[in-house]
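The numbers here are math on the coordinates, done by the rules we state, and not lab data. Fair warning: this is a prediction, and the values are worked out from it, not measured in the lab. Here the Cβ positions follow ideal geometry from the backbone for every residue, glycine too, while neighbour counts run over all protein chains shown.
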Amino acid sequence: MSGKVYLVGAGPGDPGLLTLKGARVLASCDALVYDWLANPELLDLAPESAVRVYVGKKGGDHTMSQERISQLLCDLAADGKTVVRLKGGDPFVFGRGGEEASALAAQGHAFEVVPGVTSAIAAPAYAGIPVTDRRATTEVAFVTGHEDPNKPESTIKWQALAQIGTVVCLMGVKNLPIICAKLIEAGRDPATPAACVRWGSTPQQQTVTGTLADLPQKVAEVGLKPPAITIVGQVAALREELAWFEKLPLFGKRILVTRARSQASRLSEGLQSLGAKIIEVPTISFLPPEDPEPLETAISMLDDFHWVIFTSPNGVEAFFSVLGEAKKDARSLAGCKLAAIGPATAAALEGHGITAEVTARTFQAEGLIESLEAHGITGQRVLIPRAAQAREVLPETIASWGNLVQVVPAYRTVRPPESTMLLAKALSEGLDAITFTASSTVTNLMEMLDQTGRDLLAQQSKEGGLVVAAIGPITADTARGYGLEVKVQPAKFTIEALTEALSAYFAS
Ligand code: SAH
């Protein structure tokens, strides 16, 4: 059975501009073949099991030749796969989608075309330029700037184009000086308004405006690189009044959203709709320990322990959940003294109505060791319910004071393997803000960093331009516990209020 290939337009960059049909076929494909201009966020819409093939094509750097791409699509179809060929903008607008469809047709494979929002219209629109407008023009022409206009075999009809109200040129950054000169030579007024829009519809959007005569020089001055759309025509002047996207309160701001369950997408969407570039970092997920018995046994004999030491809020939660399952509650700890690493762990205990005897100021074992040492603990039985994988320094040191220490795994953490990399990349590329929607998101994020990374973030939140936004006072306290300065904290503890507060902060 032969499969089917969907040639899908990914839209210009804003992932919201993918069509519903595009999203539907993406969600059920077996293979995804994509290139440089397709927004990477859209790849997540495909099933995890789908094969993903990057075929490149950035300027002259062709990862795979057009013939090989077409053949790959045919081979996948012959293999019975449902394939999405995801292309930037619209597949049939300077996208070589026609050639790929021809190859499929020639080899007898089924295909469908799912048109997309072309950058030729969307990039101008996001720059506040309607490609047609009754007040300015009744025609629009789309032209490729890729061809060297001086080549004798060039088929571009400059004489005709010079007569068209709006000329939209794709792939024309490198040849911009020649393109503008050709239009002027063919009779277009050098004073005609013109604009170049790079990465239109994305938070990186950049617009340069001028006239047909001076646009090339202005573009060269700012060093504008592809991908960009050039618009020539009276409509370009409308931008002055109509530019809307670049005026959004969070336009271009790079905001890290620590993903905590379903909340994150609502927060991300809200921030994104205000123009922000969202970097989502999924943090840790917690699972019960592989062997639940040691914790259950320890909980059944809590009277035997003099001290219980909690080393993370998750340890506290895991402990109380097992305690609850055993139909017990905080009273079972009446005979024990409690210690907590850091304020977040202490706060978690307080959430269960318990105040720890000892709380370390810092989040590290060393801080707790210092605080415990002051208590002169010796000859005691000490229980440490904590993560399955953890440092040994705490139990070893406490044991070395002549105590009997029992470490039991209370939970195990799994960190999505890509998170640390995502975080490192985000930090190295620079961030304008970080949002925290729960204490755990602070803890999880900070625990992904080493001490140097943590210090760097703390410093950037104080002196650098990094804005830390926390949803409420407890989350803010946890952030402060890590040395972060919290600049944004809404009066109401909701995602909407957090979004609004962040937007208000940047607007002021
Ligand atoms: N099929 C695509 C065009 C592919 S040709 C479409 O319909 O949009 C590649 C060219 O598209 C780039 O050189 C650039 O001129 C333009 N382009 C694609 N995405 C763009 C974007 N977000 N902003 C500006 N130009 C873009």
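Brief remarks follow.
- Each residue, Met301 and Ser428, gets one label point 7 Å from its Cα in the Cβ direction; the gap between the two is 5.1 nm.
- Share of alpha-carbon pairs per 5 Å distance bin for the range 384-508, given as whole %: 2, 10, 17, 18, 17, 13, 10, 7, 4, 2, 1, 0
- Stretching Ser65 away from Ala507 to a fully extended chain increases their span by 154.5 nm, per 0.36 nm per residue minus the current alpha-carbon distance.
- Projected area, mean over directions - the chain, Cα convex hull, nm²: 29.5 nm²
- Remark: the Ala106-Gln217 segment gains 35.4 nm on full extension, using 0.36 nm per residue and subtracting the alpha carbon distance.
- Two-decimal Rg/Rh across the range 133-180, once Rg and the Kirkwood Rh are taken from alpha-carbon atoms: 1.00
- On the beta carbon distance between Ala191 and Lys21, with R0 = 30 Å, the FRET formula returns roughly 0.10.
- Phi angles of the range 452-461 translate, via the Karplus equation with coefficients 6.51, -1.76, 1.60 and θ = phi - 60°, into HN-Hα couplings of 4, x, 5, 4, 4, 4, 4, 5, 5, 6 Hz per residue; Gly and Pro are given as x.
- When every Cα-Cα distance of the range 19-137 is counted in 10 angstrom steps from zero, the calculated P(r) takes the values 13, 42, 31, 10, 4, 0 percent.
- Computed E for Gln459/Asp44 - FRET, C-beta separation, R0 35 angstrom, nearest 0.05: 0.60
- As a proxy for reagent exposure, Ser371, Ser49, Ser461, Ser265 were ordered by neighbouring Cβ count within 10 angstrom, fewest first; the result is Ser49, Ser265, Ser371, Ser461.
- Rg followed by Dmax, in Å, when the range 179-323 is reduced to its Cα trace: 28.7, 95
- Cα-based Rg and Dmax for the range 91-148, where Dmax is the largest Cα-Cα distance (Å): 15.5, 48
- Annotation: amide H of Arg85 within the under-5 Å range of Tyr6, Leu7, Val8, Val33, sequence separation 5 or more or interchain, hydrogens built in the peptide plane.
- Relative contact order for the range 308-440, counting Cα pairs under 8 Å that sit 6 or more residues apart, in percent: 23 percent
- The range 321-452 - Rg (one decimal) and Dmax (whole number), Cα, Å: 17.1, 52
- For the chain: relative contact order, % (alpha-carbon pairs under 8 angstrom, 6 or more apart): 11 percent
- For the range 1-70, alpha-carbon Rg relative to the globular expectation (2.2 N^0.38 Å, N residues): 1.12
- Between helix 66-78 and the chain: long-axis angle, C-alpha atoms, 0 to 90°, nearest 10: 60 degrees
- Lysine pair count for the range 17-123 with Cα-Cα distance under 22 Å and sequence separation of 8 or more or different chains is 4.
- By the compact-protein rule of thumb, 2.2 N^0.38 Å, the alpha-carbon radius of gyration of the range 161-254 corresponds to a ratio of 1.07.
- For the range 436-508 and the range 67-128, distance of Cα centres in Å: 43 Å
- Computed over Cα pairs, the Kirkwood radius of the range 393-436 leads via Stokes-Einstein (0.692 mPa s, 37 °C) to a diffusion coefficient of 228 µm² per second.
- Cα convex hull of the range 318-389 - mean projected area over all directions, nm²: 5.4 nm²
- P(r) tail for the range 426-485: Cα pairs beyond 18 Å make up 23% of the total.
- Spin-label model distance (nm) - Gln204 vs Arg135, 7 Å beyond Cα toward Cβ: 3.3 nm
- Nearest-0.05 FRET efficiency for Ile178 and Leu404, computed from C-beta distance (R0 56 Å): 0.10
- D (Stokes-Einstein, µm²/s), Kirkwood Cα radius, the range 253-376, 1.002 mPa s at 20 °C: 128 µm²/s
- In this rough spin-label picture, where each label sits 7 Å from Cα along the Cβ direction, the Phe493-Lys151 distance is 6.4 nm.
- Debye intensity ratio in log₁₀ form over the Cα atoms of the range 148-204, taken at each q of 0.29 Å⁻¹: -1.41
- Per-residue [θ]222 nm for the chain (sum of -39500 (n - 2.57) over DSSP H runs n ≥ 4, rounded to 500): -10000 deg cm²/dmol
- Ranking of Met421, Met171 by neighbouring Cβ atoms within 10 Å, starting from the fewest: Met421, Met171.
- Ranked Met1, Met64, criterion: other C-beta atoms within 10 Å, fewest first: Met1, Met64
- The range 218-280: translational diffusion in µm²/s, Stokes-Einstein, Kirkwood Rh over Cα pairs, 10 °C, 1.306 mPa s: 111 µm²/s
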